[in-house]
Ligand SMILES: Nc1ncnc2c1ncn2[C@@H]1O[C@H](COP(=O)(O)OP(=O)(O)O)[C@@H](O)[C@H]1O
Ligand SMILES: [Mg+2]
């Protein structure tokens with residue numbers, strides 16, 4: 001509002017952002033439409049600001065959704081590559097014993113190749129051995145696939161730790177004796193673990209038989225159990241074998257990961273992959289510490305069953 005209306009002051013007022021320009025004196029009737037216009041402009045501006053805010057939020061949400069999509073795509077590609085690798089490794093592993101079976105069977109079937117009775121028996125034994133190896137492979141592959149698909153029912157129960165370790169010890173003693181490996185089981189806490197008993201035995205036997213197989217002649221295998229602060233028990237299996245390089249450690253739990261030097265040892269390369277899946281399905285953890293030339297320690301951690309307080313005897 002101004003008492004000195006001029007074109008110059010009007011221009012200045014509009015440039016400064018005024019909504020309107022009226023010259024004094026004025027009547028209320030001429031002020032009211034100006035106020036109405038001002039109010040309309042104000043609500044338009046507010047609506048506009050709100051729209052802008054919503055737009056910004058939508059753009060942000062879109063960007064986040066894109067990021068998630070991209071991550072999902074990378075994960076899917078990774079999983080697909082892993083599956084392909086698994087399949088090609090598997091075919092390779094299956095072909096080796098199958099070729100053995102076919103080769104020896106063809107020799108036995110050919111009349112042209114004379115073979116002594118002793119040789120025939122040896123060929124037949126080879127066929128049986130390859131067949132057994134093949135069957136073991138197929139069983140382990142199926143087991144792995146079932147666990148991965150979450151189709152293995154786990155019967156989680158309270159498992160007595162000393163008892164289960166005693167059982168494992170009895171099972172691996174013949175293998176250890178055959179290779180003159182000394183087995184040393186340290187003090188075992190009188191505790192119970194939450195686990196599937198059969199699967200826990202499978203896990204421990206896998207670790208123990210590896211520690212015996214990939215050891216030196218007359219080496220040692222030690223088992224140590226410790227309670228952790230977060231109510232778990234760590235069972236560590238140590239050996240005096242060749243140990244592992246750090247790049248070997250990274251892939252040790254992947255399927256069909258056999259180190260070149262162990263070709264002559266019987267195995268599928270699926271033991272540790274299976275073991276890890278089983279331990280994780282039981283809400284446990286698995287790991288390894290190793291240095292070349294200093295042996296390896298494979299460990300698993302499983303939850304303890306909380307022991308109930310001793311019952312109070314009432315008189
Ligand atoms: N305690 C160990 N010390 C050294 N190498 C090991 C040990 N345990 C496993 N490995 C290596 O990891 C590979 C994979 O082990 P695993 O999955 O149990 O398969 P497998 O015993 O059938 O070969 C083995 O072939 C061996 O090369
Ligand atoms: Mg093994």
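Rounding to the nearest 10 and keeping the result within 0 to 90°, find how far the Cα-based axis of helix 161-178 lies from the longest principal axis of the chain.
Approximately 50 degrees, to the nearest ten.
Give me the percent relative contact order of the chain, please, defined on Cα pairs under 8 angstrom at least 6 residues apart.
Once divided by the residue count of the chain, the mean separation gives 13 percent.
What whole-number volume per residue, in cubic angstrom, does the convex hull of the C-alpha atoms of segment 33-116 give?
75
Kirkwood Rh, segment 87-228, all Cα pairs: how many Å? Each step should come with its number before you reach the end.
Working: mean 1/r = 0.0538 Å⁻¹.
Evaluated over segment 87-228, this radius sits at 18.6 Å.
Against the longest principal axis of the chain, how steep is helix 28-109, in degrees 0 to 90 to the nearest 10, with axes from Cα atoms?
That helix lies at roughly 10 degrees to the long axis.
Ranked highest first by average number of other Cβ atoms within 10 Å, how do 190-198, 234-242, 116-124 line up?
Order by mean packing, descending: 234-242, 190-198, 116-124.
Seen from all sides and averaged, what is the projected area of the convex hull of the Cα atoms in segment 157-303, in nm²?
On the way: hull surface 32.8 nm².
Taking a quarter of the hull surface, the average projection is 8.2 nm².
With each run of n ≥ 4 DSSP H residues scored as -39500 (n - 2.57), what mean residue ellipticity at 222 nm is computed for the chain after dividing by its residue count and rounding to the nearest 500 deg cm²/dmol?
That calculation yields -19500 deg cm²/dmol at 222 nm.
What is the helix-to-structure angle for 197-213, meaning the angle in degrees between its Cα long axis and the longest Cα principal axis of the chain, kept from 0 to 90 and rounded to the nearest 10?
70
Tell me, what is a quarter of the convex hull surface for the C-alpha atoms of the chain, in nm² with one decimal?
Value for the chain: 39.8 nm².
A short reminder: the numbers here are calculations on the coordinates, not readings from a lab. Predicted model, so just to flag it, every value in this text is computed and none were measured. Here the Cβ is made from the backbone with ideal geometry for all residues, glycine too, and neighbour counts use every protein chain on show.
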